[in-house]
1. Quick one: count up the residues across region A:202-225 that are in contact with a His (Cβ under 9 Å, 6 or more places away or on another chain), without any contact (Cβ under 8 Å) to a residue 24 or more places away in the chain, within 16 Å of B:Ile178 (Cβ to Cβ) and part of a loop (DSSP other than H, G, I, E, B).
2. Tell me the residue from B:Ala249, B:Ala287 that is small (Gly, Ala, Ser), touching a helix residue (DSSP H, G or I) at 6+ places or on another chain (Cβ under 6 Å) and not assigned by the TED database to the domain that holds B:Met40, please.
3. Can you tell me how many residues within region B:206-225 are within 12 Å of chain A (Cβ to nearest Cβ) and farther than 14 Å from A:Ala175 by Cα?
4. Output the residue which, of all residues in region B:297-327 that are touching a Pro at 6+ places or on another chain (Cβ under 9 Å) and assigned to a loop (DSSP other than H, G, I, E, B), is nearest to B:Val60 (Cα to Cα).
5. Scan region B:300-309 residue by residue and report those that are over 17 Å from B:Ala160 (Cα atoms) and either within 13 Å of chain A (Cβ to nearest Cβ) or of a type in the set (D, E, K, R) (or both).
6. Inspect region A:269-279 for any residue being away from chain B (no Cβ under 14 Å) and not in a helix (DSSP H, G or I) and give the result as yes or no.
7. Kindly evaluate A:Leu152 against the criterion of being assigned to a strand (DSSP E or B) and within 14 Å of chain B (Cβ to nearest Cβ).
8. So which of B:Leu291, B:Leu214, B:Leu219, B:Leu225 is closer than 30 Å to B:Arg325 by Cβ and not charged (D, E, K, R)?
Protein chains: 2
Amino acid sequence: MKRNRNGEIWDFEHEIAVAGNRQVILGVDGGTTSTVCICMPILPFSNPLPDPLPVLARAVAGCSNHNSVGETAARETLEQVMADALSKSGFNRSAVQAVCLAVSGVNHPTDEQRILDWLRDIFPTHVKLYVQNDAVAALASGTMGKLHGCVLIAGTGTIAYGFTEDGREARAAGAGPILGDWGSGYGIAAQALAAVIRAHDGRGPQTLLTSSILHALGLCSPDELIGWTYADPSWARIAALVPVIVSCAEAGDEEANRILQYSVEELALSVKAVVQRLGLCGIDGNASFPLVMVGGVLEANKRWDIGKEVVNCISRDYPGALLIRPKVEPAVGAALSGWNFLMKETNREGCKE
Amino acid sequence: MKRNRNGEIWDFEHEIAVAGNRQVILGVDGGTTSTVCICMPILPFSNPLPDPLPVLARAVAGCSNHNSVGETAARETLEQVMADALSKSGFNRSAVQAVCLAVSGVNHPTDEQRILDWLRDIFPTHVKLYVQNDAVAALASGTMGKLHGCVLIAGTGTIAYGFTEDGREARAAGAGPILGDWGSGYGIAAQALAAVIRAHDGRGPQTLLTSSILHALGLCSPDELIGWTYADPSWARIAALVPVIVSCAEAGDEEANRILQYSVEELALSVKAVVQRLGLCGIDGNASFPLVMVGGVLEANKRWDIGKEVVNCISRDYPGALLIRPKVEPAVGAALSGWNFLMKETNREGCKE
């Protein structure tokens with residue numbers, strides 16, 4: 001094991017007896033709101049997997065997106081949450097066989113390499129390390145670890161991410177609101193706020209969104225929206241208006257309907273772009289593939305059901321899309337995908353011998 | 001004179017002899033980038049005005065938008081720049097007859113009242129105080145102080161602002177990028193960045209914007225745009241890409257042309273909304289009115305001339321729009337409009353007697 005980077009975080013290990021040859025895997029879902037780490041045993045997994053899954057421990061921490069909190073804080077959060085999960089499960093690092101970190105803000109190979117570099121300082125050389133965008137954990141939470149198919153996440157932000165069975169991957173969107181994620185919760189709400197301003201200053205039609213949004217925010221006039229918006233332009237605060245817009249659309253408001261319809265097309269387009277680039281639909285366009293859908297925008301379960309409309313829109317082009325709503329959380333997905341990677345590597349190494 | 005709020009700022013006054021009955025006016029253009037104060041004498045203004053105008057002093061300071069730097073810093077900047085201009089012109093506050101503050105971030109009557117309240121603490125009771133959105137200074141810089149017509153500003157941000165001769169006013173846009181100012185320099189550039197991402201992930205057509213923008217920013221791949229954008233999402237930094245997009249449009253790129261064409265429609269729509277609400281075009285739609293245009297996006301003077309296209313688009317609906325490109329700076333416009341207000345009030349008070 002390499003140098004212990006942070007004495008305090010790993011202090012608990014002195015009190016843990018080395019636990020025979022029992023081996024574990026860590027799965028981390030690192031998001032902008034919170035970070036979750038799951039510790040699971042490496043078992044002779046069956047098909048189907050045991051239900052419930054044998055989760056040894058679960059730990060939670062804050063934001064680990066380096067774009068939001070900076071490199072150092074993100075790293076500390078990730079290290080702490082892994083130590084907590086191990087400590088709770090009664091193991092130390094010598095029991096760890098693989099770590100799968102799925103972290104938001106991993107958009108480029110340099111992001112991945114930077115995280116791999118410091119992970120390598122924490123864990124012994126034989127530990128397998130996998131670093132992914134957090135969308136991968138969401139996909140794996142639907143496919144129980146198998147990286148095949150496409151996941152669409154739409155909450156405050158949105159991203160589509162896909163894998164072929166032979167390991168090629170592709171993504172669409174996930175670049176944030178400045179770079180055009182208009183199908184996201186933030187995108188929907190920002191368009192609705194703009195529609196209120198446009199109705200107010202004569203650039204757009206009158207809309208029920210005006211009274212509904214002002215009422216929801218406790219404001220008197222659309223002029224006050226400018227101050228409200230820039231007082232704290234956090235994406236989540238703005239995205240929280242989505243239910244108001246859905247209610248307006250259900251009440252028949254044309255602007256609200258136009259915005260939601262556009263969001264449906266944008267979200268479906270992200271999935272279609274990934275499916276197309278990876279050829280998940282096969283040559284004839286009819287091959288079946290898992291389509292995992294997660295996030296508040298897709299799970300609203302209202303009369304105006306954005307998720308259902310997105311699926312309909314995708315199915316028209318790709319009838320083989322098999323909708324999956326995950327039953328386990330993304331961190332479990334990360335652990336399961338780590339286990340999948342490990343099995344593949346072990347098999348490959350076995351073949352070479 | 002009421003209590004001296006900030007001894008240091010006004011210390012220079014002790015060294016200035018009270019200058020007989022000579023009277024001056026202060027005009028301030030308070031923007032997000034910089035703040036300019038002009039001190040002008042109150043003269044028996046002629047028609048046409050003297051050329052050059054008798055500017056006594058000019059002082060410059062930083063940002064005075066309270067949304068950007070906070071209330072206290074904005075106030076201090078405005079007070080300092082006024083003191084500097086007075087000090088340079090060799091007068092003290094007893095010579096001031098009127099102050100016209102045109103400040104960005106004044107979007108609501110409460111913004112105006114807050115600034116009036118603290119201005120009242122700085123100047124004696126008889127001084128006339130006028131607080132306006134900074135767009136008003138830009139309009140007055142084109143009309144030499146007369147608040148009649150419509151101004152369109154399009155730089156990093158955009159706003160349209162108009163006045164009727166009897167003092168009714170209206171604005172459109174000016175609510176920032178989250179609230180849909182898509183015709184602004186920021187709006188144009190953000191759409192171009194989004195087009196690069198969409199081309200890269202398969203959601204949009206390939207575009208010359210990709211190589212041009214990456215080259216301008218010294219980046220290798222569209223993936224790197226995400227990190228670049230969120231490392232410092234300042235509006236001006238993103239808006240600085242507009243010339244790259246104009247070049248791509250001139251080279252025939254369809255996406256760049258689509259974005260610029262949309263910006264033209266959005267900018268023209270802002271003006272049309274103001275003209276319509278104020279009835280500046282008269283009942284038959286053909287009445288003439290001043291249309292003042294300012295800002296980097298409208299002054300580019302390239303082959304693809306956004307400003308010219310906007311004027312063409314407006315003139316199709318309102319042939320009476322008389323284009324004015326201001327020859328003096330907005331702070332002079334603010335001073336001239338302060339003088340106009342003052343003359344009107346004096347005339348009104350004279351009539352009452």
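The values are calculated or read from the model by the stated rules, or taken from the named source; none is laboratory data. Keep in mind that this is a model prediction, so the values were computed, not measured. With ideal geometry, Cβ positions are generated from the backbone for all residues, glycine too; neighbour counts draw on all protein chains shown.
1. 0
2. Just a single option satisfies the conditions, and that option is B:Ala249.
3. 3
4. Going through region B:297-327, the residues touching a Pro at 6+ places or on another chain (Cβ under 9 Å) turn out to be B:300, B:302, B:321-324.
After this cut, where a residue has to be assigned to a loop (DSSP other than H, G, I, E, B) as well, the list is B:300, B:302.
Numbers: B:Ala300: 25, B:Lys302: 30 Å.
Once the filter is applied, the top-ranked residue is B:Ala300.
5. B:Lys302, B:Arg303, B:Asp305
6. No, region A:269-279 contains no residue that is away from chain B (no Cβ under 14 Å) and not in a helix (DSSP H, G or I).
7. For A:Leu152, the condition - assigned to a strand (DSSP E or B) and within 14 Å of chain B (Cβ to nearest Cβ) - is met.
8. On the way: B:Leu214 fails: closer than 30 Å to B:Arg325 by Cβ; B:Leu219 fails: closer than 30 Å to B:Arg325 by Cβ; B:Leu225 fails: closer than 30 Å to B:Arg325 by Cβ.
Of the residues listed, the single one that is closer than 30 Å to B:Arg325 by Cβ and not charged (D, E, K, R) is B:Leu291.
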